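Everything on this sheet refers to the single structure shown next.
The values are calculated or read from the model by the stated rules, or taken from the named source; none is laboratory data. Treat the numbers as computed from the prediction; the structure is a model and nothing was measured. Ideal geometry is used to build each Cβ from the backbone, glycine not excepted, and the neighbour counts take in all protein chains shown.
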Amino acid sequence: MGLLALAFYWGAVLRLDYSRTSLLDLPPYPDASEYYAMARSMQRGDSCRIRIGHELLPARYPAGYSVLMLPWLWLYPEGQQILAPFRASQCMGLLLLCATWLFYWTRGQPLAAGVAALLLATLPGFANYSRAPMSEISGAALVCVAMMLALDGIKRRRLWPIYCCSALLGLAVNIRLQLILFGPALLAMPISSRNGSPWRLVRHSLLALLVFALAASPVFVRNALDFGHPFATGYDFWVPGAGRDGRVFSARFVGGSAIGLLREFMQVRNTTGVGDIFGTGVHFTPAFVVLACAGLVAARRWKGFLILSCACGCYLLTTACYYYQDGRMYLPILMLMVPAATVPVVRSVERLASRQALKALPALGLAGLAVAGFPSQSGWPPQAWRSQFVDLLSLAPHDRPNTSPAYAAANNLSVLAQARPGVVLSPGDAVFLNAVLPAGFAAAPLDGQHEHCYSRKWHYDGRHARALAQHACAQALPVYALFSTRQEMKANRHRLPEITGWHWQRASSRRAASVILRLSPD
């Protein structure tokens, strides 16, 4: 079963040819593009920031996931570095899959190792986001490995795995800030080990929290330097007042969160989400949830039950009170439910060996449905009675075009400009263009209509675009206007700044899909 899990992961994730999809445009904006921009900034020797025009600005997200891209950026040549965010997610997913198998194998449970690996690999949310240029899988993988270390430390009555768990949880906070909600589980870990006097257990609990705080401190130090306060984030800088009526956390959001999860469980979802970009749009199947709940009931006296319950309960309740809801926010909990789902399957196989087949059939049937991901919905609009096992094996994500227009337009501009980089004005994402284009280019929006227009501390509008173009002309630098498609050019050409004595002239071939204009003297 372990080999089957690896084969499925290869077929559903590793063999995906991104050149046949639109994912090289790094959707969704601004998440993936800012992660990649921070990594490119660090690779070029700048601070961990994003760039708009000539300005280096703080990003709204932690930098941990961008750091994971650096080995791939150094490994790939210039033309293939856009694959770095995808390879980082694929690698972290593969590492978690191997760690899950190894966790059970070292405990002398080869059957449980294969079952857990297969259930994890076929979990739709795990496969979908292992394809994505986003931080969900990387953060959740560190949390899952941390919990494995904690459970191993409790079983063997050792404290060093718990300290390693604390360090990994702290590092996970540098990838996704909301993973700090797993921190309270650290208090329960030394207590669950029952190794020593009460004072000794309390002391080790505090030391575990200290290790966690030290490992998580880089993100808070960066926040203090960039935004003036350790607990201020990039959202406060770029989208102040985000939420409903100014509230980010409130108990009145719990109802909407519960309805969203119930809709996905009942397979009647009526909204599209980020998961639809990278695959089937499904995060879990009903059979998997029922199997995991049965495992929780069976393992309620297990020593690790307190830790997993404390960790998942704190994260679940706080996330449910958050104003923004998406199934990907619950991905760490779904992945932590894999050990619970493994318990009834292993016990059912043991009952088959003892000739109690009738008692084993329900759990084995649920396990088969969970691995097959049947019945479930796929794509948008949702198609009912689909198998996730079959749908995830498709080479390209569902219902996506087979080209990346923004990335192709940037490549066309690089070829056209050759050794003459300059200022680029575009209706597209300037952060993405500055990360993709070679050094020397400075991409900026056409006017005030752009992804980063909500900040109260940084402003950019048509006047800045005109000043940027005038300054480039005065310095004898070329000024380009980049449009991904002809339709985009027709809809946005009127937004280009008008410079006295200069006019916009087409520089690209009329046969090209993208349109490149250049500011030329009258």
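Below are the figures for this structure:
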{"item": "Helices (runs of 4 or more DSSP H) fully within the range 307-404 counting 1 or more residues that are in the same structural domain as PHE288 (by TED's automatic domain parsing) and either modelled with pLDDT of 80 or more or buried (at least 19 other Cβ atoms within 10 Å of the Cβ) (or both)", "result": "331-336, 338-353, 357-372"}
{"item": "Selection count where residues are out of contact with any strand residue (DSSP E or B) (no Cβ under 9 Å at 6 or more places or on another chain) and either under 16 Å from SER455 (Cβ atoms) or at pLDDT 90 or above (or both), scope the range 41-54", "result": "2"}
{"item": "Per-region count, the range 455-500, residues closer than 23 Å to VAL415 by Cβ, part of a loop (DSSP other than H, G, I, E, B) and of a type in the set (A, V, I, L, M, F, W, C)", "result": "3"}
{"item": "Number of positions in the range 22-46 that are touching a Ser or Thr at 6+ places or on another chain (Cβ under 7 Å) and part of a loop (DSSP other than H, G, I, E, B)", "result": "2"}
{"item": "GLY53 more than 30 Å from VAL371 (Cα to Cα) and either surrounded by fewer than 19 Cβ atoms within 10 Å (Cβ to Cβ) or not basic (Lys, Arg) (or both)", "result": "yes"}
{"item": "Residue ID - modelled with the lowest pLDDT, chosen from residues in the range 155-191 that are assigned to a helix (DSSP H, G or I), among the small types (Gly, Ala, Ser) and within 17 Å of GLY313 (Cα to Cα)", "result": "ALA188"}
{"item": "Members of the range 135-187 found to be free of Cβ contacts under 8 Å to residues at least 60 places away in the same chain and of a type in the set (Phe, Trp, Tyr), listed by number", "result": "TRP160, TYR163"}
{"item": "Residue count, the range 1-12 (criterion: touching a Leu at 6+ places or on another chain (Cβ under 8 Å) and either closer than 14 Å to VAL436 by Cβ or hydrophobic (A, V, I, L, M, F, W, C) (or both))", "result": "6"}
